[in-house]
Amino acid sequence: MSGFFDAQEIQSAEERADGIALRLPKAVLRAKQAPAYAELLDEVDAVGVTDLEVLAHLPVTRKSELIRLQAEAPPLGGFNATPMRDMVRIFASPGPIHEGQADGLDPWRFARALHATGLRRGQLMHNCFAYHFTPAGFMLEGGARALGCPVFPAGPGNTEAQARAAAHLRPICYAGTPDYLKAILEAGEALGLDLSSLKLGHVTGGAYLPALRAFYADRGLTVLQSYGTADLGCIAYESEARDGLICDEGVLVEIVRPGTGDPVPDGEVGEVLVTLLDAPDPLIRFATGDLSAILPGTSPCGRTNTRIKGWMGRADQATKVRGMFVRPEQVAEILRAHPGLGRARLVVGSAEGRDTMLLRIETPVRDASLVESLAKSLQGITRLRGEVRLEEPGALPNDGKVIEDTRPA
């Protein structure tokens, strides 16, 4: 157990399934205490929701809908099972979307991710996430405090002052966006400061590109990433194996076809849906709008939970065609009207100054009547005319795109 946060990280598939069978019904039951879920899950028997297969039949809650729902029922859209009087903080993220913080030392579950980075009790963390409006600063601080680590609440900006503070305080770990640590290190070099105490970095909230990884590796730093949101907290995190992101033990992750709640096979890119377990305010099948894919097998580091590839783009692919919005949900509706088809992609283009649509469908069938029927469905569902092309299975790229806009910007 020396290298792991707890025994959950190395449990067998059978042990994890048994744990989910106990925890998931409680999460659904707790969610139903929130006004919005009481209505949404009214006919759901929480006791019977014991695994991912049953969970897949429950309705999806979309992050993209929260702005409207919170405007109708401020401040949290009725998704909080915790009464407002018992909340610790309320945050406002871009959108705006508001998040509530219930009581607890590490409600966003970042301790496990920081532990995987190498942070240990008593070590100082230099936290460059913001503490105002959004919860990012509190999210990482909560994880560090749960590990028994002091935190310097640096926040973002004022890079020279950041470097001077790090030189004086001698933190071992940085927390912040992937590129800002580089800026601090370079500022320290320019000022002739000793920042050699920084050995670790935990980064999130931005792209962690190979060139940046190489920059830190060349300086002997261990800098690992996590993936999370203000609504959900930590979803998945990187270990020293650097082989995908390991799902946090406090969540269930599904990968579904964008615009639907239908799970896709492991390895296929789709939208990330997350269900919170053990949370004071559970979210059930919460659609993040992000794309990712399940990786096969388990991590070489020994942790046994599901792994995902990480952030692979956005699933919210709605676009305007001839003045009308076309959405992934409409493409999914076409597929449901024609069972047995494979993946689909609606390609939006331009010809002679006019928007065009081409619906590409994977199927081994070559039938003119199927093309005609699909074209009618396309027009009936989107109210726009378009062409249909039948493709061989596997012809479409595995990138999660349902709508591809090829028009010039």
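The values are calculated or read from the model by the stated rules, or taken from the named source; none is laboratory data. This one's a predicted model, so the numbers in the text were calculated from it and none came from an experiment. Positions of Cβ are backbone-derived with ideal geometry, glycine not excepted, and every protein chain shown enters the neighbour counts.
General observations
- Extreme residue, nearest to Thr82 (Cα to Cα), among residues of segment 34-56 that are buried (at least 19 other Cβ atoms within 10 Å of the Cβ) and not small (Gly, Ala, Ser): Tyr37
- Qualifying residue in segment 180-197 (condition: within 25 Å of Gly244 (Cα to Cα) and in contact with a Lys or Arg (Cβ under 7 Å, 6 or more places away or on another chain)): no
- Scanning segment 1-20 for residues that are surrounded by fewer than 14 Cβ atoms within 10 Å (Cβ to Cβ) and more than 17 Å from Val253 (Cβ to Cβ) returns Met1, Ser2, Asp6, Ala7, Ser12, Glu14, Glu15, Asp18.
- Residue match in segment 180-202 (condition: within 20 Å of His115 (Cα to Cα), surrounded by fewer than 20 Cβ atoms within 10 Å (Cβ to Cβ) and either touching a residue at least 12 places away in the same chain (Cβ under 8 Å) or in the same structural domain as Ala116 (by TED's automatic domain parsing) (or both)): yes
- Residue within segment 305-321 that is at pLDDT below 95, farther than 21 Å from Gly100 by Cα, aliphatic (A, V, I, L, M) and not in a loop (DSSP other than H, G, I, E, B) present: yes
- Checklist (1) without any contact (Cβ under 8 Å) to a residue 12 or more places away in the chain; (2) in a strand (DSSP E or B); (3) closer than 24 Å to Leu22 by Cβ applied to Val274, failing item: (1)
- Qualifying position, being more than 30 Å from Ile97 (Cβ to Cβ) and not aliphatic (A, V, I, L, M), among Arg170, Arg145: Arg170
- Of all residues making up segment 303-332, the number that are more than 30 Å from Glu249 (Cβ to Cβ) and in contact (Cβ under 8 Å) with a residue 40 or more places away in the chain: 13
- In the set (1) touching a residue at least 12 places away in the same chain (Cβ under 8 Å); (2) in the same structural domain as Lys32 (by TED's automatic domain parsing); (3) farther than 30 Å from Gly104 by Cα, the condition left unmet by His338 is number (2).
Every residue, every condition in (1) in contact (Cβ under 8 Å) with a residue 12 or more places away in the chain; (2) under 25 Å from Pro258 (Cα atoms); (3) not hydroxyl-bearing (Ser, Thr, Tyr), yes or no:
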position: Asp18; (1), (2), (3): no, no, yes
position: Pro25; (1), (2), (3): yes, no, yes
position: Leu40; (1), (2), (3): yes, yes, yes
position: Val44; (1), (2), (3): yes, yes, yes
position: Val47; (1), (2), (3): yes, no, yes
position: Thr50; (1), (2), (3): yes, yes, no
position: Pro59; (1), (2), (3): yes, yes, yes
position: Ala73; (1), (2), (3): yes, no, yes
position: Phe79; (1), (2), (3): yes, yes, yes
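- Filtered by the rule that a residue be in contact with a helix residue (DSSP H, G or I) (Cβ under 9 Å, 6 or more places away or on another chain) and either closer than 14 Å to Val321 by Cα or of a type in the set (A, V, I, L, M) (or both), segment 366-386 gives Leu374, Leu378, Ile381, Thr382, Leu384, Arg385, Gly386.
- Subset of segment 115-137 [in contact (Cβ under 8 Å) with a residue 24 or more places away in the chain and either crowded, with 22+ Cβ neighbours inside 10 Å or outside any loop (DSSP other than H, G, I, E, B) (or both)]: His115, Ala116, Thr117, Leu119, Met125, His126, Asn127, Cys128, Phe129, Pro135, Ala136
- Of the set (1) modelled with pLDDT of 95 or more; (2) surrounded by 16 or more Cβ atoms within 10 Å (Cβ to Cβ), all apply to Gly148 but (2).
- For segment 322-354, residues that are within 20 Å of Lys401 (Cα to Cα), assigned to a strand (DSSP E or B) and of a type in the set (A, V, I, L, M, F, W, C) total 7.
- Qualifying positions in segment 371-409 - aliphatic (A, V, I, L, M) and out of contact with any strand residue (DSSP E or B) (no Cβ under 8 Å at 6 or more places or on another chain): Ile381, Ala409
- Which numbered condition Arg303 misses (of (1) buried (at least 19 other Cβ atoms within 10 Å of the Cβ); (2) charged (D, E, K, R); (3) within 26 Å of Leu29 (Cα to Cα)): (3)
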